[in-house]
Amino acid sequence: MDGNGRWAQRRWLPRAAGHRAGVAVLTPLLEAAGEAGVKTLTLYAFSTENWARPVDEVDTLMSLFLETARKKVPQLNDRGARLRFLGRREHLPESVRAAMREAEDLTAQNDRLDVYIALNYGGRSEIVDAARRIVADGLSPDEVDEATFSKYLYAPEVPEVDLLIRTSGELRISNFLLWQIAYAEFYITDTLWPDFSREEFFRAIESYASRSRRRGGV
């Protein structure tokens, strides 16, 4: 969800205003996902690299997450969405971890749409953490294949990514779901995240549907 800061700067607003504007996109996006028949949606909210941002911006993002959790989680629950979180939770403030647990518990029985929030997430970190757990469990090399490795990821039940949408014209992966995007299709748009509309989401789905996915075959 890139472009919040640039969106704010172009309007001579503080970066925090861009992050707040980005939050406003979530409700129409989730509604559009439900209409399109999407079953799983993952949002990259805060990466392991984002700690390098100015302290006041990081603090604002954490506060905004708590504020958003209070307002949006009950709404998502009413819509039948199940929330899960990906990332290294132990490095997050306890208030944030508590809000994550509450959101997961509240929505645990929902089944209309699985929404995963990548928070303090990094694709390399996930792979390293999975390897550490495999070693800790004492598996031998012969016991480790792709299916076994997948079981040690943060959320083993998450399906492989079909479509990765990248806003604000960025052309890099940015350490996002490195294992899961092996055969993902990409949709890249110059639109900044706060301006990303349900109409453009549908265009991304249409673009994906028009492609031939051969996965190495012919």
Legend entry - Qualifying residues in segment 129-162 (those that are closer than 29 Å to T68 by Cβ and aliphatic (A, V, I, L, M)) - the one modelled with the lowest pLDDT: V158
Inset, instruction - Being more than 24 Å from G123 (Cβ to Cβ) and in contact (Cβ under 8 Å) with a residue 24 or more places away in the chain is the filter; apply it to segment 46-68 and report the residue that is surrounded by the most Cβ atoms within 10 Å (Cβ to Cβ). - result: T60
Legend entry - Sole exception among (1) within 14 Å of I117 (Cα to Cα); (2) part of a helix (DSSP H, G or I); (3) touching a Leu at 6+ places or on another chain (Cβ under 8 Å) for N50, by number: (1)
Legend entry - Filter result for R166 (touching a strand residue (DSSP E or B) at 6+ places or on another chain (Cβ under 8 Å), at negative phi and free of Cβ contacts under 8 Å to residues at least 60 places away in the same chain): no
Inset, instruction - Look through Y208, Y187, Y183, Y152 and report the one residue that is more than 26 Å from R97 (Cα to Cα) and part of a loop (DSSP other than H, G, I, E, B). - result: Y183
Inset, instruction - Tell me which residues, restricted to segment 192-205, are surrounded by 17 or more Cβ atoms within 10 Å (Cβ to Cβ) and outside any helix (DSSP H, G or I). - result: L192, F196
Legend entry - Candidate set: segment 87-136, residues that are among the small types (G, A, S) and in a loop (DSSP other than H, G, I, E, B); chosen: the one surrounded by the most Cβ atoms within 10 Å (Cβ to Cβ): G87
Legend entry - Pair list, Cβ under 6 Å, 6 or more apart: segment 69-85 residue in contact (Cβ under 8 Å) with a residue 24 or more places away in the chain and closer than 11 Å to D111 by Cα, other residue buried (at least 17 other Cβ atoms within 10 Å of the Cβ) and of a type in the set (A, V, I, L, M): A81/L113; A81/V115; L83/A103; L83/V115
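The values are calculated or read from the model by the stated rules, or taken from the named source; none is laboratory data. Model, not experiment: these values are computed from the prediction. We place every Cβ from the backbone using ideal geometry, glycine too, and count neighbours over all the protein chains shown.
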